[in-house]
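Notes follow once the structure below has been shown.
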Amino acid sequence: MLRRWIIAAGVVVSFVGTATLRAQNVPLRQDLSESGPAFGVVVGEGRTTVNEITFAGLRRISPEALKSQMLSRAGDALNSAKIEHDVRGLARTGWFETVRAEIQAGNPADPPEDSRQYLRLTFYVPELPFLTKAEYDGSRLLSRAQVEKLLAEKKLTPKLGEPENLVKLDQARKAVESALAELGHPNGRVRMTQEESTRATVQVRFEIDDGPRVQVGRVSFEGNPTVPEKLLKRQKRRVSPGSFLASARGKGAFTRGAFEDDRERLLAYYQNHGYPEARAGAAKVEEYEDVSRRRFPWPHEIKNTRLAVTIPIEAGTFYRVESVTTSAALEQAAGIDRTRRTGPGKIAAAQAYSAQSVENLRRVWEARVRAHTRHENAGTVRGVEAMRTVDSAARTVRIRLDLSSEAAYTVRRLEFRGIHRFPDGYFRKRIGVKEGTPLDEQALEAGLRRLARTGYFKLIRKEDVHIEPDDIARSVDITIRVEELGQQRLSMVGGRGQFGSTLGIAYSLFNLLDREELLTSKMEGGPEALELALGFAKEGFLGSRGSLALSVFNTFLRPRLSGSVKGPFFRQRSEGLTADYNYALTAQDALTASYGLSYSDTNYSSTAAAGLNGLIAGDVHAKSSSRSVGFGWTRNTGDRQVVLADSVSGGWLGGSENLVRSRAEYGRIARDPIFKSQNAWAFRTTFRGVGSYAGDMPPSARWYGGDEFVRGLRDGELGPQAVVSSASSGATRYSTAPVGANLIGAGNAEYRVRLGGGTEAAGFFDVGSGLLQRNWLGGWKPATIDSTNGIVHGSAGIELRWTLPEVGVPVRAYYAWNVLRLNRSVWMPDGSLLHLRNRLGAFAWGLGSLF
């Protein structure tokens, strides 16, 4: 009786007599490890011997190469588990279209000596052709280079010289179609053709048909949205045909991926505004004909095909917060005194339910518990849970915060994938979590943002972070996939300097010496200043928690300031080096120690030398050197910042300058609890002083403050004026010019409103004063007008800001009303009366944030 076994997809099928069953092939890319159970009982297994192993379908690969990877051997007893293992292993190679095994009784020329049946094990492995060429033709929108870049970003580039992978090729085809849809061509299609040769090679051709351009014309909502349509449209970021320059910004095209992003934003808006049960369905997309009239060059009609997108929404019931309570165990773990009721954060009763507000409150309490637990060494860290009880009849939600009943998960393993140039330690120092410690989700998120800000990696998304929990061991394995952009980076830099706005370019190179160091070169300047610098920075210097930064610089200054006398009042060239050591005491506090060495060559204006600088006639050129040390303390909690810094130069340090500099600054940002939580109040107070304790203080060391302290002022106007003289046609003329200040105090208050798209509006009020203390100057004393010294300046106005996408520097434009300003008349030495006053209103712009 003939016995025949067909092995396919990990299943043994037994044929007895003339019974016929169909064998199932193993798909090339099927994950065989997920197939059904292993073999059952096979008739004759263990008592029969496989006498011969053969392969059918091979063209390039030798049978011996396959046999070396298999467990089955000729002459061994029939073993279904080994055959199943071999089928799976061959399928995983990706070399064959299908893999199946078949055992047949053979009729050999020389029958075996024993009485057992002669069996032949045959593996049917039709070999895939090797891909030798991939072409992309037919598109006017996407060039070959653009298509290749797109596929490379999605890791779908066809691999030449390897077996053809139809699944990957089809994914590449769909990726190109998706790119066409994002460009406003939803009907674009890609046809893939294959040309196989007799030499077992294949060439693939992607024929791209762009299709007509069809933009989204209107977006509407159906069902029971409850919320005004205007507000809902503001939540849409990806498909927003009514937004500014929607077509140019890619917001007029419809894709499923873009819609899903907008759908998540819509649901988040509902859930954060009292509708926790809101639902949004799949979008309905229909084409319609849009007719518009044009008058140029003659009156005519234009017909265009547009897309109408309809989104079904059911808002559900509106809920308010009835109460927010915390357990005694939670308050004890957070170190809160129940009698004082001073817990961190709060949600007011009767306000609209917000899922985000509840999550933010939970995180605040969890951070407090973790901080208190670490401080007290109080055993196992536990998380915080927010339990919501919904009262459908009363339409209210009760929220209770309590400690988690189980211990927090511990990070068992932390792995980074995709690393090529950067060492593993670079990521572990910045990610915020460590192996063997409790999982801190907030620290992990902050670490991911910290890595993204370096600019060396692509944005790490949710799908790039895989957390695998073990509920029994209460541990997690974290795998983070990163994609390096390279160790080199070219970026734009800019901001607000002492004399106007500056813009420049910076080149940085990381880990060149394999010591996780950062080398930078920068050229930055504006109309009145230019700086060239080379820098070296090293975090974890000498294995400590501190970082070391070294910089060599060369600066050029030629300030013009304000006033009737035209500058520049001095030209200065400085060169030197600085060394800064920053040590992190805690996550919020840092100490800084610095050393500076510089040489300056200054040419003062002969016209203003005596009046502004207190120099004798003809003494318009000065050289100076400075050697200084400084210490500072910074505390940054995210919404508050305190800076104290002092430095001293000269004395036993050497150099011609003997100066003491001090700075104290406090800033705070507070979210608006009344109108809108996305808006914020911002405050800053700053004091700065500089003086000479021996010898003369160079005029270039003073501050010529302007709109960096009080908006609406020109450079030098936040300080006193001095009398200057000039000779014209044999007559001496007198006027005034800013003389600078060595003691400045200023305060700023803003109300910031987020407008979206990286833009922000702010209403502001600034107040400040600049004072020139003559006894701090040494022998160089200018002819200061006492009535202008120490005047309080104040301004109020409106400012718009937009953060440049690639540069990351805010561009500011504002209009300020100088409500407190200089407006006085003074007598000149020749007996004339000169009226001094600042502008009543001023429009200005600048780079970099004020604070």
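The values are calculated or read from the model by the stated rules, or taken from the named source; none is laboratory data. The model shown is predicted, which means the values in this text are computed figures rather than measured ones. Cβ sites come from the backbone with ideal geometry, for glycine too, and all protein chains shown count toward neighbours. Side chains included, ligands, DNA and RNA excluded: accessible areas come from the protein's heavy atoms. Shrake-Rupley method; radii C 1.70, N 1.55, O 1.52, S 1.80 Å.
Tell me the volume per residue, in Å³, of the convex hull enclosing the alpha carbons of the range 740-785.
On the way: hull volume 4.9 nm³, N = 46.
Taking only Cα atoms, the range 740-785 has a hull volume of 107 Å³ per residue.
Enumerate the calculated ³J(HN,Hα) couplings along the range 316-326 in order (Karplus 6.51 cos²θ - 1.76 cosθ + 1.60, θ = phi - 60°), each rounded to whole Hz, writing x wherever the residue is Gly or Pro.
Values, residue by residue: x, 7, 8, 10, 10, 7, 7, 7, 10, 10, 10 Hz.
Tell me, what is the per residue accessible area of the chain in Å², probe radius 1.4 Å? Before the final figure, lay out each step's value.
On the way: 45450 Å² over 851 residues.
Heavy-atom accessible area per residue stands at 53 Å².
Can you give the FRET efficiency for Ala308 and Ser491, using 1/(1 + (r/R0)^6), R0 = 30 Å, r = Cβ-Cβ distance, to the nearest 0.05? Let's see the in-between values first.
Numbers: r = 42 Å, r/R0 = 1.41.
Using R0 = 30 Å, I get an efficiency of 0.10.
What is the spin-label model distance, in nm, from Glu277 to Trp827 if the labels are put 7 Å beyond Cα along the C-beta direction?
8.5
Compute, for the chain, the length of the dipole vector about the Cα centre, with Cβ point charges of +1 (Lys, Arg) and -1 (Asp, Glu) only. Units Debye, rounded to 20. Show your work: numbers first, answer last.
Details: 116 positive and 94 negative charges, 436 e Å.
Roughly 2100 debye for the chain.
Hey, what did the range 724-851 get for relative contact order, percent, Cα under 8 Å, at least 6 apart? Please report the intermediate quantities before stating the final value.
Working: 238 pairs, mean separation 24.3, N = 128.
It rounds to 19 percent for the range 724-851.
What is the sum of charges around Gly57, taking Lys and Arg as +1, Asp and Glu as -1, for the other residues whose C-beta is under 9 Å from the C-beta of Gly57?
Numbers: positive: Arg59; negative: Glu97, Glu127.
Neighbour charge sum, excluding Gly57 itself: -1.
Give, rounded to the nearest 20 debye, the magnitude of the charge dipole that the range 120-279 has about its Cα centre when Lys and Arg contribute +1 at Cβ and Asp and Glu contribute -1 at Cβ.
On the way: 29 positive and 22 negative charges, 115 e Å.
In debye, rounded to 20, the range 120-279 gives about 560.
Taking a cut-off of 16 Å, what percent of all Cα-Cα pairs in the range 405-462 are separated by more than that?
Details: 773 of 1653 pairs.
Taking all Cα-Cα pairs of the range 405-462, the fraction more than 16 Å apart is 47 percent.
Let me check against my output: what whole-number percent is the relative contact order of the chain, with C-alpha pairs under 8 Å and at least 6 apart?
Values: 1962 pairs, mean separation 42.6, N = 851.
After rounding, I find 5 percent.
What's the extension gain from Thr325 to Phe556 if we count 0.36 nm per residue and subtract their Cα-Cα distance?
Working: separation 231, 0.36 × 231 = 83.16 nm, distance 6.11 nm.
Length gained between Thr325 and Phe556: 77.1 nm.
Given a Förster distance of 45 angstrom, what is the FRET efficiency for Glu229 paired with Ser404, based on the Cβ-Cβ distance and rounded to 0.05?
Values: r = 41 Å, r/R0 = 0.92.
E(calc), rounded to 0.05, equals 0.65.
Between the range 239-307 and the range 497-537, what is the C-alpha centre distance in whole Å?
Each part's Cα centre sits 43 Å from the other's.
Could you tell me whether the range 632-714 comes out rounded, prolate or oblate from its Cα gyration tensor? Rule is a ≥ b ≥ c as square roots of the eigenvalues, rounded for a/c under 1.5, then prolate if a/b exceeds b/c, otherwise oblate. Each step should come with its number before you reach the end.
On the way: a/c = 5.52, a/b = 2.14, b/c = 2.58.
In terms of gyration-tensor shape, oblate.
What's the carbon and sulfur percent of the chain's accessible surface, probe 1.4 angstrom, rounded to a whole number? Walk me through the numbers on the way to the answer.
Details: 23760 of 45450 Å².
The computed percentage sits at 52.
Once the piece of chain linking Glu415 and Asp471 is laid out straight, how much longer is it, given 0.36 nm per residue of separation minus the C-alpha distance between them? It would help to have the intermediate numbers written out before the result.
Details: separation 56, 0.36 × 56 = 20.16 nm, distance 1.96 nm.
Gain in length upon complete extension: 18.2 nm.
Taking Cα atoms, how many degrees apart are the long axis of helix 80-92 and the longest axis of the chain, rounded to 10 and kept between 0 and 90?
Value to nearest ten degrees: 40.
Which of the lysines could a cross-linker span from Lys781 if the Cα-Cα distance has to be under 23 Å and same-chain partners fewer than 8 positions apart are dropped?
Lys781 reaches Lys566, Lys623.
Can you list, bin by bin at 10 Å, the percent of alpha carbon pairs in the chain, starting at 0?
For the chain, the binned pair fractions read 2, 8, 13, 16, 17, 15, 12, 7, 4, 2, 1, 1, 0, 0 percent.
Please give me, ordered by residue number, the chymotrypsin sites (Phe, Trp or Tyr not before Pro) of the range 659-717 that lie in loop per DSSP and have at most 11 other Cβ atoms within 10 Å.
Values: sites: Tyr666, Phe675, Trp681, Phe683, Phe687, Tyr693, Trp703, Tyr704, Phe709; in loops: Phe675, Tyr693, Tyr704, Phe709.
Those satisfying the criteria are Phe675.
Have a look at Leu156, Tyr751, Thr732 and report the one farthest towards the positive end of the charge dipole of the chain, computed about the Cα centre with Cβ charges (Lys/Arg +1, Asp/Glu -1).
Highest projection toward the positive end goes to Thr732.
Counting only other residues whose beta carbon sits under 15 Å from that of Leu820, what net charge do I get with K and R as +1, D and E as -1? Can you show the working numbers first?
Working: positive: Arg711, Arg821, Arg824, Arg837, Arg839; negative: Asp707, Glu717, Asp766.
Computed value for this residue: +2.
Any of Lys154/Lys676; Lys522/Lys676; Lys168/Lys233; Lys236/Lys462 with alpha carbons more than 29 Å apart? Name them for me.
Details: Lys154/Lys676 39 Å; Lys522/Lys676 40 Å; Lys168/Lys233 37 Å; Lys236/Lys462 20 Å.
The pairs that break the limit, which is 29 Å between Cα atoms, are Lys154/Lys676; Lys522/Lys676; Lys168/Lys233.
For every other residue with a beta carbon closer than 13 angstrom to the beta carbon of Glu287, add +1 if it is Lys or Arg and -1 if Asp or Glu, then tell me the sum. Show your work: numbers first, answer last.
Working: positive: Arg213, Arg218, Lys284, Lys303, Arg306; negative: Glu286, Glu289, Asp290.
Cβ neighbours under 13 Å give a net charge of +2.
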